[in-house]
1. Go through (1) open to solvent by 20 Å² or more (accessible area, probe 1.4 Å); (2) over 29 Å from the mean Cα position of the chain (by Cα) for A:Phe153 and report which single condition fails.
2. Among the residues of the stretch A:212-230, how many are farther than 12 Å from A:Pro261 by Cα, surrounded by fewer than 18 Cβ atoms within 10 Å (Cβ to Cβ) and not polar (S, T, N, Q)?
3. Of everything in the stretch A:282-337, what is surrounded by fewer than 18 Cβ atoms within 10 Å (Cβ to Cβ) and at positive phi? Give them in sequence order.
4. For the stretch A:297-322, give me each residue that is within 20 Å of A:Tyr64 (Cα to Cα) and more than 10 Å from chain B (Cβ to nearest Cβ).
5. Taking the stretch A:179-206 as the search range and keeping residues that are in contact (Cβ under 8 Å) with a residue 60 or more places away in the chain and not in a helix (DSSP H, G or I), which one is farthest from the other protein chains (Cβ to nearest Cβ)?
6. With A:Val325, A:Val254, A:Val249 as the choices, which residue is assigned to a helix (DSSP H, G or I) and modelled with pLDDT under 85?
7. Being under 30 Å from A:Val157 (Cα atoms), out of contact with any Phe, Trp or Tyr (no Cβ under 9 Å at 6 or more places or on another chain), hydroxyl-bearing (Ser, Thr, Tyr) and in a helix (DSSP H, G or I): is that true of B:Thr242 here?
8. For the stretch A:111-120, which residues satisfy the criterion of being of a type outside the set (S, T, N, Q) and buried (at least 20 other Cβ atoms within 10 Å of the Cβ)?
Amino acid sequence: MIRFIIRRLLFAIPTLIAISFIVFALLDLAPNDPTGQLPLTIPPEVRAQIRESLGLGQPFHVRYLKWMEQFFINEPLNVVEQAFGVEIGDSSERLRVRSWATRSPVVDLIVERMPQTLWVVGLSYVVGILIAIPIGIVSAYRQYSWFDQVGTFVSMVGFSVPTFFTGLLAILIFSVMLQWLPSIYDTTHEVTDLASLWMQIKQLVMPVMVLALFNAAQLSRFMRSAMLDNLNLDYVRTARAKGSTERAVLFIHVLRNSMIPVVTLIALGIPTIFSGAIITEQIFRVNGLGQLLIIAIQGADIPLVQTLTFLFAILIVGFNLVADVLYGILDPRIRYQ
Amino acid sequence: MTTTPVSPPAGNGLREAHVHRSQWTDVWLAFRNHTGAVAGMVVFSIVALAVLAGPWLHDVDPQYLDIRVKNQGPSLAHPMGTDNLGRDMFAQVLAGGRISLAVGVTAMLLSLVVGTVVGVLAGYYHRLDGPLMRTTDLFLALPLLPLLLVIIMLFRDTLRTAFGPETGIFLLIVFVIGITSWMQTARIVRGDVLAIKEREFVTAAHSTGTRERRIITRHVLPNVLSPILVSATLGIANAIITESALSFLGLGFPPDFPTWGRLLFDGVNFMTITPARVIWPGLAISLTVLSVNYIGDGLRDALDPRLRGA
């Protein structure tokens, strides 16, 4: 197992390097001028100086390596320093990945936006799992019952209808027509007492539920088929034959075995919390990571876009690894050579 | 084929068994029994027909501005109302649907071709397997939506000047969606090719001196057609959703050349005045994707001989 993890880790490194190169090269070689949005009255020589100050004067490979150094060495060091209050080396002189639009370090911007994304999108993922698993279990146990039929149809609708339509529909119904819930997520809102807690819950309901139902639609189908794969196996019959209660058969034997692929799928889906939230955050005006990316893209803020995109890539590669390892731990039949 | 002179009466299973039926007749019979798939087929046909033939029946220029009738509800002249500039919504939804469907189908074809070529080459030629599958894994690890947004932001203006505003953005969007959605097809096709390559008829073809290219086109490809067909339907649904998402984020088609996603994006700010501007395009996307997904579902069941036997 340890050897497998190490091999997979070693394998993840070239993947990440390749992705970082793609992301960097794509943004760097694109026909696009970072000074394009500045006023036209700026004379060309000043423009050239601005480009120089943004670090664009150097050849491609130098900039790529410097970016790598900043991303993999400097910024992690900064995070460590902030977390433990220690100083490693010459921290004030260290080069940082800075946003072109705000001139502040990209990492600070990301740290600022992280809690909103985690709250809204992370919560919706958890809620989605909590909805999907019971539905999947019942659908499989009572296969072809009306519950299963309705569930199949609803989940088909659930993952066919995009969140940018369900979200708008929810706003239309609950904010515009019924006026129950606010349509915009207010991040400055602080929970101090019961009333403000209620307010926080009210503004969380729509974004969380819209995304949760979308996630639940896919996951419940997967849970159902995982349960069905196990329900007809011999060990289930044996368990029933030895006199186990139906509850024990279902929850101890079948459920635990069916959860193996489901848990892996859940792990694989975690990166989408961050990147897939782009649309939901845009609908409900949550100022999280997704919105930061959209702003950065519209403002041609290359360092910020590079860092965010690469961060998403790291999450995907990382959780792919976690899923593989989890699969090996949960399922003793899988032996990695 | 089914055009036998003696067509067996329905329900007579014994005689039916003797009539020669091709694989595709079986598939069609199984597909026909899948209620969801048939319903999906009907809905998708209606949407496609409306979008293709609609502009002749409802011949209002979708870009015609009539500011005096702005923000109207549904009426006989404007079945879906008008927008804030007095443009007819129904005509816009029909015109947008043409582009949305065209993007969906073209992007799907591109991703299918790339996926099939990669899958067949990786499955058939052992020395290409490693590099091609590593590339596939690499593409699977890319954060796709952010990258799509970035590519469109960066290359939009260049392509627009090169091919004109409409063709430029169409080519760009079709290309980026196609080039980022072929991985699943490639994986499935590779798996099937690996299995088929070892079968006797391929060995037989080898022993009779058939050239590699002919083995692939004649013996391998027809046998991996089923997974390709299923991923084709899922590919259309995926491409339509992706295009709408891009347009919804303001980085897809321009407002004077709207797709369903763009109409939705433009309608958001007027949601309180004319909710129809959000509902109709959204409904169109949802219905199309839902019906295509059901077709795919039915096709998968119909093409699986283990499920078809029943």
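1. For A:Phe153, the exception is condition (2).
2. First pass over the stretch A:212-230, keeping only residues farther than 12 Å from A:Pro261 by Cα: A:212-218, A:220-221, A:228.
Restricting the remaining residues to those that are surrounded by fewer than 18 Cβ atoms within 10 Å (Cβ to Cβ) gives A:218, A:228.
This time we only want the ones that are not polar (S, T, N, Q), so: A:228.
Looking only at that region, the number is 1.
3. Across the stretch A:282-337, the qualifying residue is only A:Arg285.
4. Once the filter is applied, which keeps residues that are within 20 Å of A:Tyr64 (Cα to Cα) and more than 10 Å from chain B (Cβ to nearest Cβ), the stretch A:297-322 yields A:Asp301, A:Pro303, A:Leu304, A:Thr307.
5. A:Thr187
6. A:Val325
7. Yes: the conditions hold for B:Thr242.
8. Of all residues in the stretch A:111-120, those of a type outside the set (S, T, N, Q) come to A:111-115, A:118-120.
Once the filter is applied, which keeps residues that are of a type outside the set (S, T, N, Q) and buried (at least 20 other Cβ atoms within 10 Å of the Cβ), the stretch A:111-120 yields A:Arg113, A:Val120.
The values are calculated or read from the model by the stated rules, or taken from the named source; none is laboratory data. Being a predicted model, the structure only gives us computed values, none of them experimental. With ideal geometry, Cβ positions are generated from the backbone for all residues, glycine too; neighbour counts draw on all protein chains shown. When the accessible area is computed, the model is the full protein with side chains, heavy atoms only, and any ligands, DNA or RNA have been set aside. Shrake-Rupley method; radii C 1.70, N 1.55, O 1.52, S 1.80 Å.
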